[in-house]
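Student: If you scroll down you'll find the structure; I have some questions about it.
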Amino acid sequence: MEPFLEGKTIFITGATGFLAKILVEKILRIQLNVRKLFLLVRASDTKSARKRFNDEVMQTELFSVLREKIGTNNLNSLIEEKVFPVAGDISFEDFGIENSEMFKEIDIIINSAATTRFDERYDIAMNINVLGAFNVLKFAKKCSNVKILVHVSTAYVCGEGEGVIPEKSFVLGETLNKDTKLEIDVERKVIEEKLKELEDQNLTTKEVTIAMRDLGIQRAILHGWPNTYSFTKAMGEMLLGHYKEDLQLVIIRPTIITGTYKEPFPGWIEGVKTVDSFILAYGKGVMNFCFGDPNTILDMIPGDMVVNSILASIIAHIGNDQYYPSQELIYHISSSKINPIKSLDIQSFLFHYFTKNPWMNKDGKIIKVGKHTLFSSMDNFQKYISTYYWPLLKIVELANVLSWHRFDKTYKDLKRKIDMAIRLSELYKPYLLFHGSFDDSNTEKLRMAMKEHKMDDVLNFDPSCINWEDYFMNTHLPGAILRVQPDVKKLFLLLRASDIKSARKRFNDEAELFNVLREKIGTNNLNSLVEEKVFPIAGDISIEDFGIENSEMKDEMLKEIDIIIHSAATTRFDERYDIAMNINVLGASNVLKFAKRCANVKILVHVSTAYVGGEGEGVISEKSFNFGDYYIDIDVERKVIEDKLKELEAQNLTSKEVTMAMRNLGIQRASLHGWPNTYSFTKAMGEMMLGHFKENLQLVILRPTIITSTYKEPFPGWIEGLKTLDTFMLIYGKGISNVFLGDPNTNADLIPGDMVVNSILATIVAHGNNKSHQNHFIYNISSSKGNPLKLDDMKLYTFHYFTKNPWIDKDGNIIKVKEITLLSSMDSFQAYISRYYWPLLKVLQLVNVLTWYYLIDGTYTNLKRKIDRAIRLSELYKPYLIFHGSFDDSNTKRLRMAMKEYTMDDVLNFDPSCINWEDYFMNIHIPGVVKRLA
């Protein structure tokens with residue numbers, strides 16, 4: 001690319017759209033030496049434009065390959081240096097931009113701004129697709145150095161054409177209905193008058209929108225076009241062609257744009273494209289019949305090929321006017337001539353795909369699809385609905401009325417199916433009964449030119465290389481559907497148990513967590529679902545192959561497993577070193593080895609901890625560990641454990657003494673290598689093993705911070721086992737102590753358990769079918785960047801809660817709490833203990849001795865226990881109570897954006913910015929802790 005885009009300044013409109021995102025990523029990936037990219041973003045000011053660009057463009061997974069290629073910091077620097085989001089609106093002259101410097105700098109303009117809704121409001125479509133295109137042209141003419149304007153249109157400006165559709169331009173005023181004359185000023189006047197008429201009627205916004213949509217369709221049909229989109233795009237082309245004068249103009253006319261074929265990775269898509277509406281409706285069981293000619297060629301082209309053709313046209317036409325005369329400035333980017341695919345083929349692919357990968361409805365039931373029925377004329381389609389559906393709908397409607405709306409849901413579901421089938425069929429009729437194919441002679445010449453430039457690999461837009469069955473079954477459908485709702489075939493659950501019967505019993509032990517699901521689908525259905533889908537496996541993570549003895553079960557697992565989620569860990573900070581090594585380090589290694597043996601595994605998700613970084617400061621990045629960066633030899637650590645156990649065995653110590661010695665050894669080895677405790681140290685070593693030996697396996701590492709009770713799902717406040725800060729909460733509430741070690745300004749980085757689970761599932765959705773070169777992702781699941789909570793705030797919430805809801809001791813007395821005091825260093829904490837507790841303890845000890853341990857032995861023992869516990873907990877939790885870092889969550893933000901693109905951000909919410917911490921503590925977390933753990 002060096003001779004072509006190097007040093008060039010490019011202006012792109014519609015910068016947050018699907019195609020523009022692929023375009024920006026491609027330019028930055030193949031030509032780092034582009035001079036500037038000015039990106040027009042609809043926003044009120046530059047700051048808002050930059051934010052929208054960062055949120056909607058840079059945070060998408062589309063940029064993961066580039067991020068991996070040059071590194072996050074380098075990418076951020078590149079964006080800062082080269083990319084300039086510009087606040088503006090294409091429907092205004094000069095887009096409302098006042099920056100005159102741009103006029104001098106721009107070499108290339110790419111207009112990809114459009115509204116692609118087929119039945120858009122006529123006024124909106126006119127402003128964007130027609131006047132917007134004209135505004136781009138006027139802007140281009142003011143640019144003193146502009147070399148070319150590339151306008152992205154659509155091949156369907158031809159309307160409902162037949163035969164071979166040529167790559168020819170429109171004449172201003174030309175219509176597809178030869179009986180009418182098209183005047184754009186008249187169309188604008190029609191819009192203006194209609195809006196005035198609607199204003200006089202005092203209609204609602206929705207009613208105005210419907211009226212303006214209907215007007216667009218009416219005007220389009222009057223002049224021979226099937227819908228507002230193709231009509232306004234055609235008018236936009238007319239204005240450009242008529243008024244371009246000497247400006248080098250290229251018009252790209254893609255057909256139906258689908259998910260990426262290869263770049264930056266296969267299957268990336270955003271929003272529901274033309275064909276996908278039917279795909280989703282069919283897969284969800286909403287409709288298994290459709291209007292459409294089985295022999296119609298559905299002309300589709302992947303998004304990355306469209307982008308490659310845009311760049312190819314720029315390369316070919318800058319300074320090549322003689323080689324490319326004006327009649328060759330229109331390109332059909334299509335597949336119908338050289339690699340046609342018929343509706344019948346797609347029908348077959350869909351049936352096979354959804355038979356193999358059935359959708360699951362909201363009640364957890366599998367949706368079985370039938371063979372798709374296609375009706376090749378509107379008469380047959382309407383006759384089918386009139387015969388089979390309208391009578392049934394009327395019967396259900398009558399039954400519903402007679403039974404006081406008992407069949408409300410059945411009636412509404414059936415009506416929705418019928419309405420959707422009719423609406424989609426009417427809207428897409430021109431494409432479902434399309435009997436033309438698109439001439440691509442100019443495009444073929446463009447491909448040959450790229451071959452001459454030796455750029456046909458870098459800029460591939462040849463659809464003849466696409467195997468449509470493979471593309472649909474393994475690229476487009478997984479990209480468009482699996483990310484919306486993956487079906488679960490089986491859940492193999494590894495439990496530490498002696499046999500399968502014991503594992504099943506351990507799994508079946510009652511937990512209130514499943515009450516919501518039990519209530520939703522019924523106890524019998526839940527039992528059946530668990531019986532059919534859930535397979536508890538007796539095993540031990542510290543043993544290779546987990547010690548699974550049932551060879552048939554093991555073989556079945558190795559053949560069938562698609563996804564592995566590794567959440568097994570010992571989370572005790574001062575765990576015995578041998579136990580922590582076996583579970584957190586060797587256990588992770590055993591999971592990896594097992595994953596490599598699974599024939600169909602697509603992803604391994606490993607749940608670690610954000611505190612693998614130790615006592616970090618500043619912003620702690622989402623980066624992986626490398627053995628080479630640390631002087632840790634895991635085999636040496638295992639030998640240290642082995643030698644220590646032999647030494648302890650020779651001393652004939654009690655089990656308790658051995659346990660204490662092995663705990664101390666873990667803390668010592670962790671401190672030696674720079675970690676504060678055995679837990680974070682062994683979790684770090686586990687990550688090292690996974691990262692080093694994963695090879696080509698898709699690995700995702702989740703690093704949650706301090707996990708707390710559920711925020712919302714399945715209900716707020718569920719918790720099991722004392723978590724990090726809950727220990728202090730209970731000590732305080734019970735009146736044991738109101739003085740704790742902790743810096744008031746420390747970020748208490750908390751994340752609810754259901755958000756951690758949602759992030760795990762989100763990574764599977766995002767990466768389970770990821771075919772990019774990157775196969776190692778790390779996500780900090782944290783709140784310190786997006787919604788920080790200080791220990792000082794937490795202290796206040798806890799005080800208010802226990803003041804309002806005091807604890808009652810075993811004698812029935814109310815425990816009144818004092819305000820919490822936080823001591824911000826270990827020295828001040830120990831000084832406090834020495835001043836207020838040690839002297840009292842010594843006095844009690846003396847009295848105890850003098851009274852032959854008779855009078856106050858219990859008082860002395862209780863006080864000593866309090867002091868010992870306070871010191872032990874403070875030493876253990878010091879790294880978290882005096883923590884001066886925050887966790888970078890850039891990768892996690894991109895993951896959240898990906899869920900937004902798949903419209904799954906509600907189902908899989910892991911955005912801590914929505915949490916009101918005061919409300920969470922006062923009404924969810926502390927009540928949950930007190931109820932379940934006290």
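Student: Do any strands (runs of 3 or more DSSP E) entirely within the stretch 540-651 hold 1 or more residues that are modelled with pLDDT under 90, and if so, which? If you could, list the steps in order and put the result at the bottom.
Tutor: Numbers: elements: 563-566, 603-607, 617-620.
Qualifying strands (runs of 3 or more DSSP E): 617-620.
Student: Is it true that some residue in the stretch 93-110 is over 18 Å from Lys26 (Cβ atoms), open to solvent by less than 70 Å² (accessible area, probe 1.4 Å), among the acidic types (Asp, Glu) and part of a loop (DSSP other than H, G, I, E, B)?
Tutor: No, that holds for no residue.
Student: Moving on. Of the residues Ala870, Ala831, which single one is part of a helix (DSSP H, G or I), modelled with pLDDT of 80 or more and either in contact with a Lys or Arg (Cβ under 9 Å, 6 or more places away or on another chain) or among the small types (Gly, Ala, Ser) (or both)?
Tutor: Answer to the selection: Ala831.
Student: Now, a different point. Enumerate the pairs (first residue in the stretch 170-182 and farther than 11 Å from Ala234 by Cβ and modelled with pLDDT under 90; second residue anywhere and not in a loop (DSSP other than H, G, I, E, B) and not small (Gly, Ala, Ser)) with beta-carbon separation below 9 Å, excluding pairs fewer than 6 apart on the same chain, so at least 6 apart or on different chains.
Tutor: Between residues of the stretch 170-182 that are farther than 11 Å from Ala234 by Cβ and modelled with pLDDT under 90 and residues that are not in a loop (DSSP other than H, G, I, E, B) and not small (Gly, Ala, Ser), the close pairs are Asn177/Ile221; Asn177/Leu222; Thr180/Leu222.
Student: Report yes if Ala661 is free of Cβ contacts under 8 Å to residues at least 60 places away in the same chain, out of contact with any His (no Cβ under 8 Å at 6 or more places or on another chain) and buried (at least 22 other Cβ atoms within 10 Å of the Cβ), otherwise no.
Tutor: No; evaluated as a whole, the condition is false for this residue.
A quick yes/no check of all residues on (1) open to solvent by less than 10 Å² (accessible area, probe 1.4 Å); (2) closer than 18 Å to Ile760 by Cβ; (3) touching a Pro at 6+ places or on another chain (Cβ under 6 Å); (4) assigned to a helix (DSSP H, G or I):
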{"residue": "Ile667", "(1), (2), (3), (4)": "no, no, no, yes"}
{"residue": "Ser671", "(1), (2), (3), (4)": "no, no, no, yes"}
{"residue": "Trp675", "(1), (2), (3), (4)": "no, no, no, no"}
{"residue": "Thr682", "(1), (2), (3), (4)": "yes, no, no, yes"}
{"residue": "Glu687", "(1), (2), (3), (4)": "yes, yes, no, yes"}
{"residue": "Gly691", "(1), (2), (3), (4)": "no, no, no, yes"}
{"residue": "Glu695", "(1), (2), (3), (4)": "no, no, no, no"}
{"residue": "Val700", "(1), (2), (3), (4)": "yes, yes, no, no"}
{"residue": "Ile707", "(1), (2), (3), (4)": "no, yes, no, no"}
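Student: Just checking, how many residues over the stretch 901-928 are under 22 Å from the mean Cα position of the chain (by Cα) and either closer than 21 Å to Phe799 by Cα or surrounded by fewer than 18 Cβ atoms within 10 Å (Cβ to Cβ) (or both)?
Tutor: Quick first cut of the stretch 901-928, residues under 22 Å from the mean Cα position of the chain (by Cα) only: 901-915.
Right, trim to either closer than 21 Å to Phe799 by Cα or surrounded by fewer than 18 Cβ atoms within 10 Å (Cβ to Cβ) (or both) and you get 903, 905-907, 913-915.
Residues in the stretch 901-928 being under 22 Å from the mean Cα position of the chain (by Cα) and either closer than 21 Å to Phe799 by Cα or surrounded by fewer than 18 Cβ atoms within 10 Å (Cβ to Cβ) (or both): 7 in total.
Student: Something else about it: Of these, Lys639, Lys656, Lys683, which one is under 15 Å from Val612 (Cβ atoms) and not β-branched (Val, Ile, Thr)?
Tutor: Details: Lys639 fails: under 15 Å from Val612 (Cβ atoms); Lys656 fails: under 15 Å from Val612 (Cβ atoms).
From the options Lys639, Lys656, Lys683, the qualifying one is Lys683.
Student: A further question on this structure: For the stretch 253-265, does any single residue satisfy the condition of being closer than 29 Å to Lys429 by Cα, at pLDDT below 90 and not in a strand (DSSP E or B)?
Tutor: Yes, because at least one residue in the stretch 253-265 is closer than 29 Å to Lys429 by Cα, at pLDDT below 90 and not in a strand (DSSP E or B).
Student: Being in contact (Cβ under 8 Å) with a residue 12 or more places away in the chain and open to solvent by less than 30 Å² (accessible area, probe 1.4 Å) is the filter; apply it to the stretch 541-560 and report the residue that is farthest from Arg496 (Cα to Cα).
Tutor: Of everything passing the filter in the stretch 541-560, Leu558 is farthest from Arg496 (Cα to Cα).
Student: Can you say whether Lys284 is open to solvent by 30 Å² or more (accessible area, probe 1.4 Å), charged (D, E, K, R), modelled with pLDDT under 80 and out of contact with any Asp or Glu (no Cβ under 6 Å at 6 or more places or on another chain), as far as the supplied structure shows?
Tutor: Taking the combined requirement at face value, the residue satisfies it.
Student: Right, next: Tell me, yes or no, whether the stretch 436-458 has at least one residue that is open to solvent by less than 10 Å² (accessible area, probe 1.4 Å), modelled with pLDDT under 75 and in a helix (DSSP H, G or I).
Tutor: no
Student: If you don't mind, there's one more thing I want to ask. For Ile867, are the conditions met, namely being over 19 Å from Ile707 (Cβ atoms) and not hydroxyl-bearing (Ser, Thr, Tyr)?
Tutor: yes
Student: Any idea how many residues of the stretch 14-39 are over 19 Å from Leu62 (Cα atoms) and not in a loop (DSSP other than H, G, I, E, B)?
Tutor: Counting residues in the stretch 14-39 that are over 19 Å from Leu62 (Cα atoms) and not in a loop (DSSP other than H, G, I, E, B) gives 2.
The values are calculated or read from the model by the stated rules, or taken from the named source; none is laboratory data. Computed from a prediction, not measured in an experiment: that's the story for all the values here. So basically every Cβ, Gly included, is an ideal-geometry build from the backbone, and we count neighbours across all protein chains shown. Accessible surface is based on the protein model in full, side chains and every heavy atom, while ligands, DNA and RNA are left aside. Shrake-Rupley method; radii C 1.70, N 1.55, O 1.52, S 1.80 Å.
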